[in-house]
Structure formats: C-alpha cells, structure tokens
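Asker: Structure provided below as structure tokens; questions to follow.
Bear in mind that the values in this text are calculations on the coordinates, not laboratory data. Everything numeric here is computed off the predicted structure, so don't read it as measured data. Here the Cβ positions follow ideal geometry from the backbone for every residue, glycine too, while neighbour counts run over all protein chains shown.
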Amino acid sequence: MEIKANSSDLLKALNHIHGIVEVRHTLPILSNIVLSAENNELSLSSTNLDIFCSDKIDAEIVNSGEISVPAITFFEIVKRLPSGSDVILSMGDEDTELILKCGRSKFNLSTLRTEDFPILSDKDLSTNFVISADELSRMIDKTKFAISNEETRYYLNGIFFHKAESNSIKFLRAVATDGHRLAQYDIPLPQGAEEITGIIIPKKTVFELRKVLDDADGDVSVSLNENKIKFSFNNLKIISKVIDGTFPDYTKVIPQNNDKEFKTNNSELKNAIDRVSAVAINEETKSKAIKLTIENNKLNLSVESQSKGSAKEEIDISYSNEKVDIGFNSRYLLDICNEVDGDEIDVNLLDSISPAIILDKTDENLFFVLMPMRI
C-alpha cells in the first residue's frame, strides 16, 4: 500500500473515528484502526465491538491495500503535522510496519493484518428515514445530561428513541432519565419512521455521534432494526448495537395535576443556584439539597450544612398561589436550567413531595421532570 493524502483531511477523519477505540484491549486489533486504500479514496475504520465507525477521504493511491495501525499513536502523530501538508503512507520492506512521511519527518508504525478486524453488519436494517443534523443534535443535547451511569439499571444508560403521539400528532421522541430527573424532546415524525420500534442508544454511541454531527452538512440518514442502528452522512458511517433491555414506562412519573406555577428569569435562577450551592457541595455526594420557598412573588433559595455553614438568596418570580417549600438536588436543578434557552423558565409544582415539571416556553418540544429531595 502506498498513498498520498492531505494531513488536514486525515486529521478530520481520525477525529471522527478514534474516540471509540479502547487503548488496552484483550484483542490487540481493537486498539488499531484499519486503513484501506482503493479507487482514489482512503477509508479509515475503528470498532470496540459495540460500535463501528468509518470515514473516507480523497487520496492519491499509488498502490492499493489494507493494513491496521495503533489508533492513538497514529492520531497523536497526525495531529502534530503541519496543517494542509502532504502525508505519504507506505508499507515497509517486511510488511510489518507502516512508514509515514511528512516533510522531513518520518515515523515507522507497527501494524497488524486486518483479517481479524470485526465489522458490524449494516444489513437487514428495515426502518430507514432522514433527519436534519440540527434536529438530531438538539435531541441529543437536550437529553443526554439525564442519562444514567448506574450499571445495575443498564437500560437507563442511553437515550430512548421511539414514536409518540399527542393530540393525533405523531412525534419522534428522545427520552433520558436516571430516576432523579427526566428530559424529553420531540420532533415531527420523519417520513419512513412510522414503524420505528423503541430503541435505547447507548451513552457511548450518543456522545460519539454528537461529536461528529458538528461536521454534518444537512441531513443524516438513519437505518435501524431492533438490534442495531446506523447513522450516515457525507462519507461517515456509525453503526451501533442498541441496549438489549426494556426502557421503563417513563410516563408514569410525569405528574398530571401540577397546578402551582411560577415563572422567573432563567439567568437569575441559574446564578442564584450556583452561588448558594457553593455551600451544598461536599466531597462525598458532590451536591446537596437546595431548599426553595415559593411565596408572594418571591423565591427564596437556601442551603444549610452542619459542617460548612449556610447560604440564602432571594429572587423575584411570578407566583400567585399558596406557599410551597420543596427541595431539589442543586446540581440536577442547575443542569436543567442550563438546557433552557429562553430568558424565562417555567416551574410547575403540586406540593413539597411530588415531582416538578420544568418548561422552556421558547421550545414547546422540550420537557423536564425533576424529583424532589427531602429537606
């Protein structure tokens, strides 16, 4: 194999695919990326057995061929090369090393043959539709913070994509929850997604996909079945297994009768939470309950710590109902506030022990639920 490629193109492709590689793995081939040169294109591929990612760039192919090299080492070299420079890749005399030349730099990289490199098949993906990269990015951005990291409830370790319906209008809905908070985002159901079954996209896939979506131009093609999902745009392709589990009926935790609504400036609320939660943070839990007292168009936020002291702050709100005292995890509340884009945040309560509904009035597709804490 011998090729010439542009260093900037090479780096962009590596940025797309190297993130899923596990540096230390019992199967050495999984620590490598595969380089495949053919028909004036260089294809770069990586996998961790659960996710497969590939990208293609234009290249001048002198001799076609295929080989694998250590992913992280190759990436670290390429990102240090001068931007836009010519990179020559060729095999050594013994076919056990790849020689990389750029200007007066030369690197010799150990290689592995590609026969044992596993590929996730993208056959039999019966549901196919197209979604704009902007819509998909927003669905991920507004829900990913609520993904659970608790391994025992593995079915919460991702975003649940499924078909939903409200007032005879059908949506593609993304939901994530860790049992303490829930984030939901809807978009109109894309043509072709009518038969979509509920699938849970793993957290690793979610974050790798979101990273590459910044380079997407226009639409993303989505293909899936009950076991796998594929995202493709430009020359990039991501195939991922989905979580083999049943996402719980999240609608049961969504309150239906929250009749105590207050509205306030979101920036003021965020800043107040951030200030008083300085007392709430501790080494063990990283956060603590923050008490909200809602009464007479005022919101009082307070935190007390036996070992560290206390903090209080008051902000103006719009509220005309009876007094409510309620506690929330300060970090969870702040996370939700950070996902509200509008100037105003809308909080709907029932009492001091029931979940709150939090809305961004500038985006009717967005919906949050936050469980209270004992105070």
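Asker: Let's test the formula: R0 of 35 Å, r as the Cβ-Cβ distance of Thr152 and Ser352. What FRET efficiency results, to the nearest 0.05?
Answerer: 0.75
Asker: Roughly how large, in nm² to one decimal, is the mean projection of the convex hull of the alpha-carbon atoms in region 1-97?
Answerer: With every direction weighted equally, the projected area is 5.9 nm².
Asker: Still on this model: Using 7 Å Cα-to-Cβ label points, what is the Ser121/Phe207 separation (nm, one decimal)?
Answerer: For the pair Ser121/Phe207, the computed spacing is 3.1 nm.
Asker: Roughly how big is the chain's charge dipole about its Cα centre, with Cβ charges of +1 (Lys, Arg) and -1 (Asp, Glu), in debye to the nearest 20?
Answerer: The calculated dipole for the chain is roughly 880 debye.
Asker: Just in region 89-129: which GluC sites (Glu not before Pro) are loop by DSSP and have at most 13 other Cβ atoms within 10 Å?
Answerer: Here the sparse-neighbourhood loop sites are Glu94, Glu115.
Asker: What is the distance in Å between the Cα centroid of region 101-139 and that of region 164-224?
Answerer: One Cα centre to the other: 21 Å.
Asker: Give me the three principal axis extents of region 127-252 from the C-alpha atoms, as integers in angstrom, largest value leading.
Answerer: Reported extents, whole Å, longest axis first: 37, 34, 24.
Asker: Can you give me the long-range amide H partners of Asp122? Hydrogens built in the peptide plane at 1.01 Å from N, cutoff under 5 Å, separation of 5 or more residues or another chain.
Answerer: Hits under the 5 Å cutoff: none.
Asker: Distance cut-off 25 Å, Cα to Cα: go down the list Lys260/Lys308; Lys106/Lys230; Lys170/Lys228; Lys56/Lys142; Lys56/Lys170 and report the pairs above it.
Answerer: Details: Lys260/Lys308 33 Å; Lys106/Lys230 37 Å; Lys170/Lys228 23 Å; Lys56/Lys142 30 Å; Lys56/Lys170 36 Å.
Over 25 Å Cα-Cα: Lys260/Lys308; Lys106/Lys230; Lys56/Lys142; Lys56/Lys170.
Asker: Right, another one. What FRET efficiency, computed as 1/(1 + (r/R0)^6) with R0 = 30 Å and r the Cβ-Cβ distance, is obtained for Glu313 and Tyr250, rounded to the nearest 0.05?
Answerer: Step by step, r from the Cβ atoms, then E = 0.40.
Asker: Could you pull out the GluC sites (Glu not before Pro) across region 292-344 that fall in loop regions by DSSP (anything but H, G, I, E, B) with no more than 15 other Cβ atoms inside 10 Å?
Answerer: Listed in order of number, the matching sites are Glu322.
Asker: Stretched out fully, how many nm does the piece from Ser8 to Asp259 gain, at 0.36 nm a residue minus the Cα gap?
Answerer: Once the chain is fully extended between Ser8 and Asp259, it gains 84.8 nm.
Asker: Next up: In debye to the nearest 20, how big a dipole does region 127-252 give about its Cα centre with +1 on each Lys and Arg Cβ and -1 on each Asp and Glu Cβ?
Answerer: Working: 17 positive and 18 negative charges, 54 e Å.
That gives a dipole near 260 debye.
Asker: Binning at 5 angstrom from zero up to the longest distance, how are the C-alpha pair distances of region 77-180 distributed in percent?
Answerer: Taking every Cα pair in region 77-180, the percentages come to 2, 8, 11, 10, 10, 10, 9, 11, 13, 8, 4, 2, 1, 0.
Asker: Considering every Cα-Cα pair within region 254-370, what fraction, in whole percent, is farther apart than 22 Å?
Answerer: Of the Cα pairs, 29 percent sit more than 22 Å apart.
Asker: Can you list the aspartates and glutamates whose alpha carbon is less than 17 Å from that of Lys101, not counting same-chain residues fewer than 8 positions off?
Answerer: Output for Lys101: Glu2, Asp9, Glu60, Glu76, Asp86, Asp93.
Asker: Going out from 0 in 10 Å bins, what whole percent of all Cα-Cα distances in the chain drops into each bin?
Answerer: Taking every Cα pair in the chain, the percentages come to 5, 21, 24, 20, 16, 10, 4, 1, 0.
Asker: With springs connecting C-alpha atoms under 10 Å apart, model the chain as a Gaussian network and identify which of Ile315, Ile187, Ile200 has the largest mean-square fluctuation.
Answerer: Taking springs between Cα atoms under 10 Å, the residue moving most is Ile315.
Asker: Mind listing the long-range amide H neighbours of Ser354? Cut-off is under 5 Å, sequence gap 5 or more, other chains count too, H placed in the peptide plane at 1.01 Å from N.
Answerer: none
Asker: For Met373, list long-range residues whose amide hydrogen, built 1.01 Å from N in the peptide plane, is under 5 Å from its own amide hydrogen.
Answerer: Those lying under 5 Å, H to H, from Met373 are Gly327, Phe328, Asn329.
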